[in-house]
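Asker: Quick one: this structure, given as structure tokens, is what I'll be asking you about.
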Amino acid sequence: MAVQGAEMGEAAIAGAGPKPPRGLTPQDLRGPDRLERVLGLLALVMLGFIFAALLRGRDEWARVPSVVWVHLATILVALVLTPVLLWRRRGDARHRVYGYVWSGAMMLTALDSLFVHSGGPGRFSLIHVLSVFVLVMVPVLVLAARRHNGVRHRRTVRGLIIGALLIAGFFTFPFNRLLGHWLFG
């Protein structure tokens, strides 16, 4: 009893509370940090811009190839789930299910993007390098989570959200790309 009390006293002196469950960091128990709140909000803003563009371009929907519709559908799933995953409790069964769906959507988006070519079939652009990056990093993300490596998992999630969702998503609007053409006319 005295040893247990001494250990608890040392933990209190060190400022540490009880150790979180395996794989969860103290940050996970506190909830989203500022960056995660901002990333979730930016995902919702991106979602709003995409829906606005889709509504404005509905007269041209029939001319859009099915590969582009698959690409849009999978990216919309990832964008909808991003704030949910960042803002809600982590490490539970629901987080894992949503995480697998998000990861699958990201993988399908990256695979599908290899068949979306603005310069004609077989013409790859710089954005396709990002697709290969996503195809490599999503399995790293899942593996980190399965191994309870919360730090690597969090870092990989943030990198994918910033690079593959937000920055890549931003570049779908300028340069006379489809969503930009629909949104800005």
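Asker: Of all residues in the stretch 123-143, which are more than 15 Å from the chain's Cα centre (by Cα) and modelled with pLDDT of 95 or more?
Answerer: LEU143
Asker: Same structure again: So which helices (runs of 4 or more DSSP H) are wholly in the stretch 114-184 and hold at least 3 residues that are among the hydrophobic types (A, V, I, L, M, F, W, C), farther than 22 Å from LEU41 by Cα and touching a residue at least 24 places away in the same chain (Cβ under 8 Å)?
Answerer: Where helices (runs of 4 or more DSSP H) fall fully within the stretch 114-184 and carry at least 3 residues being among the hydrophobic types (A, V, I, L, M, F, W, C), farther than 22 Å from LEU41 by Cα and touching a residue at least 24 places away in the same chain (Cβ under 8 Å), they are 127-146.
Asker: If I ask for residues that are more than 17 Å from the chain's Cα centre (by Cα) and either more than 17 Å from VAL77 (Cβ to Cβ) or crowded, with 18+ Cβ neighbours inside 10 Å (or both), which ones from the stretch 32-59 would you list?
Answerer: Answer for the stretch 32-59, where residues must be more than 17 Å from the chain's Cα centre (by Cα) and either more than 17 Å from VAL77 (Cβ to Cβ) or crowded, with 18+ Cβ neighbours inside 10 Å (or both): ALA52, ALA53, LEU55, ARG56, GLY57, ARG58, ASP59.
Asker: Out of the residues in the stretch 67-99 meeting the condition of being small (Gly, Ala, Ser) and out of contact with any Ser or Thr (no Cβ under 7 Å at 6 or more places or on another chain), tell me which one is farthest from VAL151 (Cα to Cα).
Answerer: Of everything passing the filter in the stretch 67-99, ALA73 is farthest from VAL151 (Cα to Cα).
Asker: Let me ask you something else. Note down all Cβ pairs under 6 Å where the first residue falls in the stretch 46-74 and is more than 21 Å from PRO174 (Cβ to Cβ), the second is charged (D, E, K, R) and surrounded by 11 or more Cβ atoms within 10 Å (Cβ to Cβ), and they're at least six residues apart or on different chains.
Answerer: VAL70/ASP112
Residue-by-condition table, conditions (1) within 28 Å of VAL136 (Cα to Cα); (2) modelled with pLDDT of 95 or more; (3) in a helix (DSSP H, G or I):
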{"residue": "PRO32", "(1), (2), (3)": "yes, no, no"}
{"residue": "LEU41", "(1), (2), (3)": "yes, yes, yes"}
{"residue": "ASP59", "(1), (2), (3)": "no, yes, yes"}
{"residue": "VAL67", "(1), (2), (3)": "yes, no, yes"}
{"residue": "ALA73", "(1), (2), (3)": "yes, yes, yes"}
{"residue": "THR82", "(1), (2), (3)": "yes, yes, yes"}
{"residue": "ARG89", "(1), (2), (3)": "yes, no, no"}
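Asker: Moving on. Conditions: (1) closer than 17 Å to HIS71 by Cβ; (2) more than 16 Å from the chain's Cα centre (by Cα). HIS148 meets all but one. Number of the miss?
Answerer: (1)
Asker: On the basis of being among the β-branched types (Val, Ile, Thr), part of a helix (DSSP H, G or I) and more than 21 Å from ALA144 (Cα to Cα), does VAL45 make the cut?
Answerer: Yes.
Asker: State all residues of the stretch 68-115 that are exposed (fewer than 15 other Cβ atoms within 10 Å of the Cβ) and of a type in the set (Gly, Ala, Ser); if no residue qualifies, say none.
Answerer: ALA73, ALA93
The values are calculated or read from the model by the stated rules, or taken from the named source; none is laboratory data. Bear in mind that the values here come from a model prediction, so they are computed numbers and not experimental data. Backbone-built Cβ (ideal geometry, glycine too); neighbour counts: all protein chains shown.
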